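Below: one structure, written as structure tokens.
The values are calculated or read from the model by the stated rules, or taken from the named source; none is laboratory data. In this text the structure is predicted, and so the values were computed from the model without any measurement. For neighbour counting, all protein chains shown are included, and Cβ atoms are generated from backbone atoms with ideal geometry for every residue, glycine included.
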Amino acid sequence: MGLLSDPNRRRALIGMLTRLNAPICMICYMAGVAWFMGLAFEPFTLRTYMSENAMGSTMVEERFPAGERALATGREFAAHKKKTGGMPVDWLVRTMQARGLEVYTQRFSRKLPFPDEDKERYMVKGTNVYGILRAPRAPRTEALVLSAPCSPGNENNQAVGILLGLAQYFRSQIYWAKDIIFLVNEHDLIGMQAWLEGYHHTNTTGMDWSPLQGRGGSIQAALSLELSSDVVTSLDLVLEGLNGQLPNLDLANLFYAFCQKIGVLCTTQGKLPRNDWDTTSGYSHAVQTMMLMVLKQASSRPWGDHGLFLRYHIEAASIKGVNSFRPYKTDATTVGRLLEGMYRKLNNLLERLHQSYFFYLMPSLTRFVSIGYYMPAFGLLALILLLRALDLWVQLSSPPTRTTEDGVEVVPASPGVLSILTPLVISHLTGVALYTLPVLSQELAVEHFPVSETEAVVLTAIAIYTGGTRSHDTHRLLAGEGTEQGWKVLKLVAVLYLAVLLGCTALINFSLGFILALTLVPLAAFITPHVPKTLSAVVMVILSPGLTLLFAVFFFQELQETPVTLQEGWMLYLSVISQGILDHALYGSLLYPLAALLVYPCWLLFWNILFWK
Amino acid sequence: MLLCLTDGGIALFCVNPTSWQIIVFIYIYIYIYIYIYMGNVHSDKAGQFFNSGHTNNWAVLVCTSRFWFNYRHVANTLSVYRSVKRLGIPDSRIVLMLADDMACNHRNPKPATVFSHKNMELNVYGDDVEVDYRGYEVTVENFLRVLTGRLPASTPRSKRLLSDDRSNILIYLTGHGGNGFLKFQDSEEISNVELADAFEQMWQKRRYNELLFIIDTCQGASMYERFYSPNLMALASSQVGEDSLSHQPDLAIGVHLMDRYTFYLLEFLEDIHPSSTTNMNQLFKVCPKSQCVSTPGHRTDLFLRDPGRVLITDFFGSVRKVEITMETINLSSPMEPLPERINCTVHILYMCINKHIIPTAIIMYYVPRQKLLRDVFPCT
């Protein structure tokens, strides 16, 4: 007979499961963490390689000559920007037209749910300017985008300068098979969102924009350039986009291939490449790079202007110029040549980039780990939840009988639906409150407390978060004292709910799922009403999503080699929360709704289980 | 002394000659002997001159890839086309199959040109290239139809391989291949078995006298492994398990311009002119491993002549053999009509076509059964 259909064998298996549950869970957890840490170890990773046949090798001759002229244009741009106090629309339109592009503008405006530190006002208004270089002989069916943000102050002037210089150079070539769109967007991501929505005729975030008068074809790839100095020592590639989405790995491969060919130092996550993977420091360097990528991906926010393209299935990356204290400098002409080479190769594409991986982690720019290799780390953590659920199921199906004082054996009554449903409903209602109230009640809070709107929102959120922990009283009020069976059923439901939630999250955004699993799974596995209450309550609070975020903020700063003090860290934490809420409202980032509506209620369920009796 | 004129040992007549009769007889004998001997010498030389046995040359040049990054395959094919034209085969005898999307490709920095040397020394596209099958017409089905001659009646002459049993055909294939197959235009494949069968059909229909098959793809030698028809000679740029490599990229155009084997093949062909006597053994030595990185291979076991006696121009050029004769030949006897009872071979189908003008497509898919049997199988 089969393993599971033979009753004897089944009993033996179940017996083993119940006896060894806790040790197996511990082993799985440690194995999961070890697997994850091992991903950065170089022999376990693969070297990156170009998968797309059409892009081939880097054998074009880049001839961009006009780096200095591009920098001069950038300085002109800076002067005009200062004069107009914002985006110098007229100057940009004139300059782009002089270079032979078809120039269009787009105006947009957005009412923010609450003013953040950057904008400090409710209404954001701006203009995007873009010029289309039409392919000389091709039909207008495909396009590539090169964008540079118009930032206030002295930032990114050189980026716009190089963009205009490249536009002039590209205009005189006849080998373009796709239209190239040169975009200068205002207000970074808000402007980019408006442009993309206008280009694709969608309106997902409630922004107000004027329709685009001119259009290219469907966009195949996009690069966003950020350059704030005349010379650079290295170029940093930023891949993480909205909701943790990543562009096709071929784009990173292309960038690295050209960096190698031209001889520019290229980095990812701002970390320099190292060769000594067999030493401890080399390995920890790789782990740090990978952890930075994991944290950035888990934050679900776009880390460059490219991040919003990914939602439209356009492969995009941001290239940031970094000027540090190294002796070897790269000038603007070389940066221009690198971009020229990349665009020439992207020009050869016949279909969208799809040959290489879409889900990967990069411990360095030359090494990657694909989804098949990193998913088992999460799988091992999810296994713990399933083992716990099985254990509870077994316990529930054969409940221990109690003998009353009369000596009568009483099978404990199965818990009423109400006693299970109440904590569920209350937790989710608290979650809904956490999601909606902070933004809705900011005026109320500002009236009564001496805080700004942003602080009001954030502090309301924290207040609701901590207030929710009192919710365990409510179910007792409604349903009376809980039974032994009751908490087991609730825990079974909660564990399965958490497993499904984390599983779905990990599929879309592995980093977020993994980080949540790291803290929530041990919680879910070991919380019962019988563990010591105070200690467990402290542990639960430490492992709650809110504090995970706080630790992540400190860890992130540590990894970026800019450690912060407690005070600064706390302010950073508050700004991260406000940015999360804002991202959700502006671009549709899913971290805030996920955390407020699903993860927090799940955590509350376990809190209820802890205080069941 | 008796002098007998014998005919195969049988005495025809015997005389008893005098001395002057003997001398005259000896003279006559010597004269007849010399006459016959000289005749033999003439026919030997003539025999040598007409050693190849072909009267016309055809070339089928196929490039099986498309897309910009396969520029080199088109350049390969066009370079062979140029050489073959230079050596005398006219466009009417060349079937050129190309995807033809290189010269006017939007990515071509020099539109309307296809270069085969870097620094753009040699434009092989030119003004007078005649592509017979272009674009999506380059399919396995069309290639096999060209080879076997089974084309619809509406096909123009330029798209047909109108060879006969005295044609020497050069077939050149290039593209992406693997072990036992060749990829056509990224959507279908031709296998080595299909190709061998197509050649066998050609042999049975007497569509070639001798055939030279050159293939420049990865693992090209696998394509000629299955040949079994006589008079086939095959060359390939690489053995099974090896990749054929490309030769040189051009940095201005941004792609590789040619494959190594064809590059050295062309260097070799540049030295050939219509009257050169270079033979096939030298062709086999083209592109050794040191230059090609892959090991070129060849196959001559099905070829009836010795490759050392086969001229390059037998296949690559259209060398007309002209013999001037002073004799008159009587052509007054009438041609014999085709016999009613014929051998039941592949000629059956030919007859059907000629007699009933049934389009080939209909024969392939719908044959009026009674007609076919009654008319065509008289011997059963």
### Query
Of the residues A:Glu68, A:Glu62, which is within 14 Å of another protein chain (Cβ to nearest Cβ), within 20 Å of A:Val231 (Cβ to Cβ) and at pLDDT below 95?
A:Glu62
### Query
Does A:Gly74 satisfy the condition of being closer than 21 Å to A:Gln158 by Cα and in a loop (DSSP other than H, G, I, E, B)?
no
### Query
Within region B:205-225, which residues are part of a helix (DSSP H, G or I) and out of contact with any helix residue (DSSP H, G or I) (no Cβ under 9 Å at 6 or more places or on another chain)?
B:Ala221
### Query
Do we find that A:Met55 is modelled with pLDDT under 90, under 35 Å from the mean Cα position of the chain (by Cα), surrounded by 21 or more Cβ atoms within 10 Å (Cβ to Cβ) and within 14 Å of another protein chain (Cβ to nearest Cβ) in this structure?
yes
### Task
Can you run down the residue pairs with Cβ atoms below 7 Å, 6 or more apart or on separate chains, where the first is in region A:452-474 and within 19 Å of A:Asp583 (Cα to Cα) and the partner is part of a helix (DSSP H, G or I) and of a type in the set (Val, Ile, Thr)?
A:Glu453/A:Val446; A:Ala456/A:Val446; A:Val457/A:Val439; A:Val457/A:Ile581; A:Val458/A:Ile577; A:Ala461/A:Ile577
### Message
Residue under question is B:Ser65, and the condition is that it be within 13 Å of chain A (Cβ to nearest Cβ), touching a helix residue (DSSP H, G or I) at 6+ places or on another chain (Cβ under 8 Å) and either in contact (Cβ under 8 Å) with a residue 40 or more places away in the chain or of a type outside the set (Gly, Ala, Ser) (or both); does it hold?
### Response
yes
### Query
Which of the residues that make up region B:181-199 are closer than 15 Å to B:Tyr228 by Cα and small (Gly, Ala, Ser)?
B:Ser191, B:Ala196, B:Ala198
### Query
A:Gln97 fails exactly one of the following numbered conditions: (1) surrounded by 14 or more Cβ atoms within 10 Å (Cβ to Cβ); (2) in contact with a Gly (Cβ under 8 Å, 6 or more places away or on another chain); (3) more than 14 Å from every other protein chain (Cβ to nearest Cβ). What is the number of that condition?
(1)
### Task
Please work out if B:Gly149 is farther than 23 Å from B:Tyr261 by Cα, away from chain A (no Cβ under 13 Å) and surrounded by fewer than 16 Cβ atoms within 10 Å (Cβ to Cβ).
no
### Message
Taking the conditions exactly as written (over 28 Å from A:Asn243 (Cβ atoms) and buried (at least 17 other Cβ atoms within 10 Å of the Cβ)), does A:Ser536 satisfy them or not?
### Response
yes
### Unmet requirement for A:Val124, which otherwise passes all of (1) away from chain B (no Cβ under 14 Å); (2) in contact with a His (Cβ under 8 Å, 6 or more places away or on another chain); (3) over 20 Å from A:Pro302 (Cβ atoms)
(3)
### Task
Would you mind stating whether A:Arg107 is within 14 Å of chain B (Cβ to nearest Cβ) and either assigned to a loop (DSSP other than H, G, I, E, B) or of a type outside the set (Gly, Ala, Ser) (or both)?
no
### Count of region B:119-131 residues which are surrounded by fewer than 17 Cβ atoms within 10 Å (Cβ to Cβ) and either of a type in the set (Ser, Thr, Tyr) or within 14 Å of chain A (Cβ to nearest Cβ) (or both)
2
### Message
Can you find a residue that is of a type in the set (Gly, Ala, Ser), modelled with pLDDT under 95 and not in a helix (DSSP H, G or I) anywhere in region A:479-496?
### Response
yes
### Task
Could you identify the single residue in A:Leu144, A:Leu183 that is under 28 Å from A:Ala66 (Cα atoms) and either within 14 Å of chain B (Cβ to nearest Cβ) or among the hydroxyl-bearing types (Ser, Thr, Tyr) (or both)?
A:Leu144
### Query
Does region A:219-229 contain at least one residue that is under 23 Å from A:Gly74 (Cβ atoms), in contact (Cβ under 8 Å) with a residue 12 or more places away in the chain and surrounded by fewer than 22 Cβ atoms within 10 Å (Cβ to Cβ)?
yes
### Query
How about region B:115-133: which of its residues are modelled with pLDDT of 90 or more and more than 16 Å from B:Val84 (Cβ to Cβ)?
B:Tyr133
### Query
Can you tell which of A:Leu239, A:Leu249 is crowded, with 22+ Cβ neighbours inside 10 Å, farther than 27 Å from A:Ser151 by Cα and either within 24 Å of the chain's Cα centre (by Cα) or not hydroxyl-bearing (Ser, Thr, Tyr) (or both)?
A:Leu249
#### Entry: Matching residues, region B:166-193, being outside any strand (DSSP E or B) and in contact with a strand residue (DSSP E or B) (Cβ under 9 Å, 6 or more places away or on another chain)
B:Arg166, B:Gly175, B:Gly180, B:Asp186, B:Asn192
### Message
Could you check region A:1-36 and list, in sequence order, the residues that are surrounded by fewer than 11 Cβ atoms within 10 Å (Cβ to Cβ) and not in a helix (DSSP H, G or I)?
### Response
A:Met1, A:Gly2, A:Leu3, A:Leu4, A:Ser5
### Query
Got a sec? Which of A:Gly270, A:Gly206 is surrounded by fewer than 19 Cβ atoms within 10 Å (Cβ to Cβ) and within 30 Å of A:Lys329 (Cα to Cα)?
A:Gly270
## Note on the structure
For B:Asn70, the lone unmet condition from (1) free of Cβ contacts under 8 Å to residues at least 60 places away in the same chain; (2) within 22 Å of A:Leu346 (Cα to Cα); (3) crowded, with 18+ Cβ neighbours inside 10 Å is (1)
### Query
Which residues, counting only those in region A:43-52, are more than 14 Å from chain B (Cβ to nearest Cβ) and buried (at least 19 other Cβ atoms within 10 Å of the Cβ)?
A:Thr45, A:Thr48
### region B:234-257: number of residues that are part of a strand (DSSP E or B) and more than 14 Å from every other protein chain (Cβ to nearest Cβ)
3
### Task
Inspect all residues belonging to region A:568-586 and state whether any of them is of a type in the set (D, E, K, R) and part of a loop (DSSP other than H, G, I, E, B).
no
## Note on the structure
Filtering region B:134-145 down to residues that are within 19 Å of the chain's Cα centre (by Cα) and either in a strand (DSSP E or B) or under 21 Å from B:Arg82 (Cα atoms) (or both) yields B:Phe143
